[in-house]
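Only one structure is covered here, and it is reproduced in the block below.
The values are calculated or read from the model by the stated rules, or taken from the named source; none is laboratory data. A quick note: this is a predicted structure, and the numbers were derived from the prediction, not measured. No Cβ is skipped: glycine too gets one built from the backbone with ideal geometry, and neighbour counts run over all protein chains shown. Accessible surface is based on the protein model in full, side chains and every heavy atom, while ligands, DNA and RNA are left aside. Shrake-Rupley method; radii C 1.70, N 1.55, O 1.52, S 1.80 Å.
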Amino acid sequence: MSEHLREKLNILADAAKYDVSCSSSGSDRKNTNKGVGNGHSSGICHTYTEDGRCVSLLKILLTNHCIFDCAYCVSRKSNDIERAAFTVDEVVELTMNFYRRNYIEGLFLSSGIFKNADFTMERLLRVVKKLRLEENYNGYIHLKTIPGASDELIKEAGLYADRMSINLEMPTESGLKLLAPEKTHGEVIRSLDFVQNQVVQFKDEKKLIKSVPKFVPAGQSTQMVIGATPETDKDIMYTADRFYKSFALRRVYYSGYIPISNDTRMPVLGTQPPLLRENRLYQTDWLMRFYGFNVRELLNDANPHLDIDIDPKLSWALRNLQHFPIDINTADYRMILRVPGIGVGSANKIVQARKFGKLHIYQLKNIGISYNRAKHFIKCADTPFQLKDYQATQIKGFILAESNSKYLKTDNNQLILF
Amino acid sequence: MIYVFDGSLEGLLTAVFEYFERKPKTVLLQTEKVFQPDAFTESLKIVNNRAKADRVWNGLQKRLDKQWRRRFYCAYLSELPEIFNSLFQFSNYIFNHPAGAEKNFGNEHVLAIAQIATKVEREKHRMEAFIRFQHTADGMFYCGIDPDFNVLPLIVKHFKDRYADQQWIIYDLKRRYGLFYDLLSVTEITIELNAKNLKQPTVQQLNGTEEMYANLWKDYFKSTNIESRKNTKLHVQHVPKRYWKYLTEKQLS
Ligand code: SF4
């Protein structure tokens, strides 16, 4: 049994790894029934892949058999690969045994589509029900919504899953049409919308009646593949912005396309995945969600692409030098957040500390800001008087000279932020 | 003036009490271990006193919010010799200033405590992530660790809440004590066993399916890797090498 299971796990984990989401955050599910497991609000990465991505969940497909033929997917029908399928019990056993050893935060279950959408969704549902109802399992469950599955099945699944997701795949409808003629954004939107409405409805009811169960407490997420089709960064981030706003998404993931076939519609085999671009998109995403930036400030018709050599926060600051330098000892918190080299934690410390007296350079350094970067944009108690104003290109030159190697290496990914 | 204490929290808090009794001009707090008597500096040996310590703690509790009390405790658990003095000076500073003084990150002790506490919390979080239980033949889930800081007290709740239906032991090999959960409550234990077995139980001591699941996990870890994205530098940044010994997925098959 063990050899057989090993083989299946290898195939079905391998096929699932291109979905980059591995977050286990946002669930506060409690271990109330003296069972096993609970949610951890900020999530836990139990290990990291050799490319530095978080491994938090057992991420597998129930099967890689699929009736569709999406060009960007390894499991597509026309691809000549080994196929396998787990039984419901196998997935449950693996999850429980990994969880009990503290290998994982939970399960991320997805699947190729066999027979039809409902048939597939129904199997997924059986796994989560067994975990929750028979094994008393309260750990994290991320479940893929199968496009086109019926509302009843999706609704029932939402009672057991912590997070549900359905991927946009390509940033624009036309990109999707090109590579996956059977799919549409409309279908994805319909599912996101349905789940979101249920979330709201359950929350409302819970306000009135305490015993109403939780519905997808960690919310929904989606993923876009980057670089398979010719969208601009502006296209990508405007789509992300729209989906964040319309469906209260917790996360949008950007996955640099890794060539898997010689299909002439896409980058050929051996092309390097666009990792630096992916990193810049994540940085932009963070600026939108945590730094109070509007996507239009970062990307617009004049700047449809993010700079490759500098991060989007620095790009914005250099394009808007009229706002700088700001005085650290008086400026608004929101402006401090916009200074390159100052993160959310440092900005908070600064506004607290300055109540006790004007801050000096050594204090800013101790607080942990990246002073060499920030110094071009700020003044504090002992900032030396400066005769001439530098131009944006000069400042960029200084900063790049100092951080040369770090910013031009192409091996960054989402986890190195500002 | 040097105050010398035994390294316990009670001792540290008692020292603060003694300071306010005497109010010497400048004073440094050191542990017995580090203290080097010299002819020119006076010293005072702190005698632990529960009642005095409690009074100081209650005073701090009134002045500091939950987050700061936690920082104070975490910094203490770092067991770093310099931090004991910072905690001592910080307490004096808090009692000598109006409410809210702890927000002054321009003060070196405030900042030191906040920063060390962050490090301790990071290691606590890492332990929650990197502990790998092995299922033993008698049904126990066991793991031995040797963290830089004394984080066991901080991780009790997490493991107790999460693994409520299995017995487990987490053993600090460096500090020679552990936590044992018996399905009802967690107790502190010390085990007299040869050190090698504590680090890695022998095959006979393990459950029959342990090896299979460890191998499945190693396989899984390998298959999550995407060759064309390989980035060892980033990998090591997230999983510093000193933790690799804990990780099942980093052991050779
Ligand atoms: S439907 Fe999903 S699994 Fe099937 S080919 Fe398309 S992306 Fe791959």
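Taking the listed residues A:Gly292, A:Gly256, A:Gly270, the one that is of a type in the set (Gly, Ala, Ser), at pLDDT below 90, surrounded by fewer than 18 Cβ atoms within 10 Å (Cβ to Cβ) and in the same structural domain as A:Leu159 (by TED's automatic domain parsing) is A:Gly270, with no other qualifying. Can you spot a residue in the stretch A:59-81 that is within 9 Å of chain B (Cβ to nearest Cβ) and surrounded by 18 or more Cβ atoms within 10 Å (Cβ to Cβ)? Yes; the residues of the stretch A:59-81 include at least one that is within 9 Å of chain B (Cβ to nearest Cβ) and surrounded by 18 or more Cβ atoms within 10 Å (Cβ to Cβ).
Residues of the stretch A:130-177 that are touching a Lys or Arg at 6+ places or on another chain (Cβ under 9 Å), among the aliphatic types (A, V, I, L, M) and within 13 Å of the ligand (Cβ to nearest atom): A:Ile166, A:Met170, A:Leu176.
Confirm whether A:Cys73 is in a loop (DSSP other than H, G, I, E, B) and within 15 Å of the ligand (Cβ to nearest atom). In short, yes. Total residues in the stretch A:76-103 satisfying the condition of being closer than 14 Å to A:Ala15 by Cα, free of Cβ contacts under 8 Å to residues at least 12 places away in the same chain and within 13 Å of the ligand (Cβ to nearest atom): the figure is 2. Taken over the stretch B:170-191, the criterion of being open to solvent by 20 Å² or more (accessible area, probe 1.4 Å) and within 14 Å of chain A (Cβ to nearest Cβ) is satisfied by B:Asp182, B:Leu183, B:Leu184, B:Ser185. When A:Asn366, A:Asn329, A:Asn300 are checked against the criterion of being within 14 Å of another protein chain (Cβ to nearest Cβ) and not in a helix (DSSP H, G or I), A:Asn329 stands alone in meeting it. When A:Asp204 is tested against the conditions (1) surrounded by fewer than 18 Cβ atoms within 10 Å (Cβ to Cβ); (2) in contact with a Pro (Cβ under 7 Å, 6 or more places away or on another chain), the lone failure is (2). Applying the criterion of being in contact with a Phe, Trp or Tyr (Cβ under 7 Å, 6 or more places away or on another chain) and within 17 Å of A:Asp311 (Cβ to Cβ) to the residues of the stretch A:342-351, the residue that is least open to solvent (accessible area, probe 1.4 Å) is A:Ala347.
Screening the candidates A:Ala180, A:Ala228, A:Ala218, A:Ala240 for the property of being away from the ligand (no atom under 16 Å from the Cβ), farther than 26 Å from A:Glu297 by Cβ and of a type in the set (Gly, Ala, Ser) yields one hit, A:Ala218.
For residues in the stretch A:308-341 being among the acidic types (Asp, Glu) and surrounded by fewer than 17 Cβ atoms within 10 Å (Cβ to Cβ), which is modelled with the lowest pLDDT? That would be A:Asp309. When we screen A:Thr95, A:Thr87 for residues that are at pLDDT 95 or above and open to solvent by 10 Å² or more (accessible area, probe 1.4 Å), the only hit is A:Thr87. Kindly indicate the residue of the stretch A:28-57 that is within 7 Å of another protein chain (Cβ to nearest Cβ) and outside any loop (DSSP other than H, G, I, E, B) and also nearest to the ligand (Cβ to nearest atom) among those meeting that condition. Checked the stretch A:28-57; the qualifying residue nearest to the ligand (Cβ to nearest atom) is A:Val55. Among the residues of the stretch B:127-150, those that are buried (at least 21 other Cβ atoms within 10 Å of the Cβ) and assigned to a helix (DSSP H, G or I) comprise B:Met127, B:Ala129, B:Phe130.
In the stretch A:79-97, is there at least one residue being over 30 Å from B:Lys160 (Cβ atoms) and touching a Phe, Trp or Tyr at 6+ places or on another chain (Cβ under 7 Å)? No, the stretch A:79-97 contains no residue that is over 30 Å from B:Lys160 (Cβ atoms) and touching a Phe, Trp or Tyr at 6+ places or on another chain (Cβ under 7 Å).
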